[in-house]
Amino acid sequence: MREKIKMTYIVNAAVLLEYKGIKLLVDGIFDEKGHCFSNLSIEQWANMKEGDEEFSNIDYLLFTHEHGDHFSPVRVMEYLDHQMPKAIFLPKKGDLELNALQRKVEELNIPCALLDEDLCRKTIFKPEKDISIKVFHMRHLDKIYWNVPHFCYFLEFGEKKILITSDVDFNFETFEKLQNVALDAVFINPLFHQSIKGKKLFSEGVLQAKTKIVYHIPFAEDDRTEIRKIVEQRQALAKTEDKDVIFLMEKGQICYL
């Protein structure tokens, strides 16, 4: 029997993945302001820093890009005052705050993968015996963000394969390197899930996934742009039209692959 991956939805685009006792937190430490999505609660942030509850013994921190709803260098530095992950994956290009974080990581002697297009093209990371990480440099959705380095994570846990697309430009990227890969799950945001081009990537077999996981959805009290409302409408349709979809919409929601 294959070991299962435990996936815990934290908030926004923050997901905690656990496999054989190894924990990876993706886009889990981000800004409180400057975006229209939900934030970590006071309790979650306190537990994260203290290593309590589900946040105990986090091994790896992974970040897809610099936007404040995914990543905060200042908060990561605060986290590192309390916890010592085995390694961190960071975008290489950054501002003064990110540069300060990189210096702190060096001072603490924490292994750090500074992601850029060249490193992604050449490297497959093997942080643990049964875990590998391949990072793809892919364009961010929306022309105004094309200059923001954006990365998608292809994660292998034993025989299980997961793709985290974050805010990828699904209208541009072809996913050529993954066309023949049978994915157990792919994380996509609501725009990806609902767009015609996004749907074609799946229907035409460009992306082959047993399960689509829709995330990056604000909680009801934070839904100023009605993203959640639209997702709830799609969720009702998915019961009959799209049964291979999991919607991550509630804090602490857990599913297994």
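The values are calculated or read from the model by the stated rules, or taken from the named source; none is laboratory data. Keep in mind the model is a prediction, meaning the values are calculated, not measured. So basically every Cβ, Gly included, is an ideal-geometry build from the backbone, and we count neighbours across all protein chains shown.
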#### Entry: Output for the stretch 79-115, where each listed residue is among the charged types (D, E, K, R) and either in contact with a helix residue (DSSP H, G or I) (Cβ under 7 Å, 6 or more places away or on another chain) or within 15 Å of Leu62 (Cβ to Cβ) (or both)
Lys86, Lys92, Glu97, Lys104
### Query
Any idea how many residues of the stretch 31-60 are in contact with a helix residue (DSSP H, G or I) (Cβ under 7 Å, 6 or more places away or on another chain) and either small (Gly, Ala, Ser) or at pLDDT 95 or above (or both)?
5
### Query
Out of the stretch 128-165, which residues are farther than 19 Å from Ala87 by Cα and of a type in the set (S, T, N, Q)?
Asn147, Thr165
### Task
Filter the stretch 135-190 for residues that are basic (Lys, Arg) and touching a strand residue (DSSP E or B) at 6+ places or on another chain (Cβ under 8 Å) and give the result.
Arg139, Lys160, Lys161, Lys177
### Task
Count, please, the residues in the stretch 149-204 that happen to be in a loop (DSSP other than H, G, I, E, B) and among the acidic types (Asp, Glu).
5
### Query
For the stretch 177-209, which residues satisfy the criterion of being touching a helix residue (DSSP H, G or I) at 6+ places or on another chain (Cβ under 6 Å) and hydrophobic (A, V, I, L, M, F, W, C)?
Phe192, Leu207
### Message
Any residue that is under 25 Å from Glu32 (Cα atoms), small (Gly, Ala, Ser) and in a strand (DSSP E or B) - is there at least one of those in the stretch 89-104?
### Response
no
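Out of the residues in the stretch 194-220 that are of a type outside the set (Phe, Trp, Tyr) and without any contact (Cβ under 8 Å) to a residue 24 or more places away in the chain, which is farthest from Ala14 (Cα to Cα)? Reasoning before the result, please.
Kept after step one, since they are of a type outside the set (Phe, Trp, Tyr), are these residues of the stretch 194-220: 194-201, 203-214, 216-218, 220.
If we keep only those that are without any contact (Cβ under 8 Å) to a residue 24 or more places away in the chain too, we end up with 196, 199-200, 203-204, 220.
Numbers: Ile196: 26, Lys199: 23, Lys200: 26, Ser203: 27, Glu204: 29, Ala220: 17 Å.
Only one residue tops the list, namely Glu204.
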### Task
Would you mind stating whether Glu117 is more than 30 Å from Arg234 (Cα to Cα) and modelled with pLDDT of 90 or more?
no
#### Entry: Flag if Ile110 is in a helix (DSSP H, G or I), surrounded by fewer than 20 Cβ atoms within 10 Å (Cβ to Cβ) and more than 18 Å from the chain's Cα centre (by Cα)
no
